[in-house]
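Written below as structure tokens is the structure these notes are about.
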Amino acid sequence: MTLFDWYLFRALVKATLAVIAVIGGLDFSFALIAELDDLDAGYGLFQALQYVGTTLPRRLYEVLPFCILIGTLIGLGGCAEHNELVTMRSAGWSPWRLCGSALLPAAGFVAVGLLLGEWLAPLAEQRAETTRVLSQGGAMRSVLRQGVWVKQNDGFVHINGVSATGEVIGFSRFVFDEQRQLQTATFAARAQHGPAGWTLHERRVTRFAESGTTATGPSEGHWRSALTPKLLRVLAIKPERLASRDLRTYITYLRGQQLNADRYRLALWRKRMQPLAIGVLVLLGASFVFGPLRAMPTSARVLSGALTGVGFFFSQNLLGSASLVYGFAPWFGAALPLALGAGIAVLLLRRVH
């Protein structure tokens, strides 16, 4: 690493860390204010602070690309204002060489992002949701925001909720024949998972036949299924907040049940492409500083970076949702905004002399 590389590295790291501190602090404050509406006797201010603090790794992971873009604009813009970039260009550095040097600190932040997104954030998110549930209503309160339907071989299962201990609260199973006629309906107040499968407590079974219906129970029963408490907890968290390993596990489960897994595949592809997205945003930031924002003050660069970041993430969400609606490959919906951003950056850099 040359002296110029080291100088740029320090300038970009300091600018990016300052942006992360500001945006992270604002996000923490807004999240805490939102939690104040849910305060009650068991869930007080201390528990709210604990919940928001535990979800901080996930929040930082979500805003990290945006922070890197603005940090790049501020860092390179400061160098431009003090003529350091002119000195580097005079020493023979091309805009492409400067972009390569700007990517070095971004690579370090990518490594931090991977640590947050794949390990710290998912674990902290599950812990935060469990702690919040226990504070608000005890061990039997559901970590699911709402009930969920799951397809299982020849039938469908509805689960009202899952407790913090992994126990199902409110279990219903409906089995159909090949003509889609309802054969049996099973209801249970609770279900616990063990080595032999699920144990259904207070089970009631209704069987349907041409001659009429018969009902049995309440009794204890068993249900074998590939569905586990871990998979059910996955449903309590948005796909974008899950680790890649959890996404792959649930995608495999959905495929085994011949269900559509595109929403989870899209989230997986976005995680895989986030390092590339950060690289594209750095190139965009550098191309703006070398090109149209070269003579603008820092405030204008920050505003331009914010608008660019919002536009980039809006296009990601729009194309990702379009892939789910129109049925084209999720990887294409995740990759197209990156290709467009890279194309714009390359076009701007090629116009710099």
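Computed from the coordinates by the stated procedures, all read-outs in this text should not be read as laboratory data. Nothing here was measured: the structure is a model prediction, and the numbers come from that model. Cβ coordinates were reconstructed from backbone atoms using ideal geometry, including for glycine residues, and neighbour counts include every protein chain displayed.
Rounded to the nearest 500, what is the chain's calculated 222 nm mean residue ellipticity when only DSSP H runs of at least 4 contribute -39500 (n - 2.57) each, over all residues? Please list the in-between numbers first.
Working: 11 runs with 213 residues, N = 353.
It lands at -20500 deg cm²/dmol.
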So, in Å, what gap is there between the alpha-carbon centers of the range 253-274 and the range 54-104?
33
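Filter the chain for me: DSSP H helices, axial length by Cα at least 20 angstrom, mean Kyte-Doolittle hydropathy not below 0.5. List them by residue number. Walk me through the intermediate numbers first.
Values: long enough: 3-35 (47 Å, 1.44); 56-81 (34 Å, 1.05); 95-115 (30 Å, 1.40); 121-137 (24 Å, -0.59); 262-290 (39 Å, 0.64); 298-326 (41 Å, 0.88); 330-350 (31 Å, 1.60).
What comes out of the filter, once short or polar helices are dropped, is 3-35, 56-81, 95-115, 262-290, 298-326, 330-350.
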Relative to 2.2 N^0.38 Å, what does the C-alpha radius of gyration of the range 12-105 come to as a ratio? Two decimals please.
1.56
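Apply 1/(1 + (r/R0)^6) to the Cβ-Cβ distance of A41 and L123, taking R0 = 35 Å, and write down the FRET efficiency to the nearest 0.05. Working shown, then result.
Working: r = 28 Å, r/R0 = 0.81.
According to the calculation, E is roughly 0.80.
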Simple label model, 7 Å out from Cα along Cβ direction - S299 to R351, nm:
2.6
Could you derive backbone 3J(HN,Hα) for the range 220-229 from the dihedral phi with the Karplus parameters 6.51, -1.76 and 1.60 (θ = phi - 60°), listing whole Hz in sequence and x where the residue is Gly or Pro?
9, x, 10, 9, 8, 7, 6, 6, 10, x
Nonlocal amide H pairs with S225, under 5 Å, H built at 1.01 Å:
W198
For the chain, modelled as a GNM with alpha-carbon contacts under 10 angstrom, which of P57, P195, P330 fluctuates the most?
P195
So which lysines pass the test for K151, namely a Cα distance under 28 Å, with those fewer than 8 places away in the same chain ruled out?
K230, K238, K271
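From the P(r) of the chain, can you give the percent of Cα pairs sitting at distances over 39 Å?
On the way: 19944 of 62128 pairs.
Value for the chain: 32 percent of Cα pairs lie more than 39 Å apart.
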Sticking with the crude label model, points 7 Å out along Cα→Cβ, report the distance from S315 to Q258 in nm, one decimal please.
4.0
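So how much slack lies between E81 and K14, counting 0.36 nm per residue of separation and subtracting their Cα-Cα distance, in nm? Walk me through the intermediate numbers first.
Working: separation 67, 0.36 × 67 = 24.12 nm, distance 1.64 nm.
So the chain would gain 22.5 nm between E81 and K14.
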Difference of contour (0.36 nm per residue) and Cα-Cα distance, L3 to E220
70.8 nm
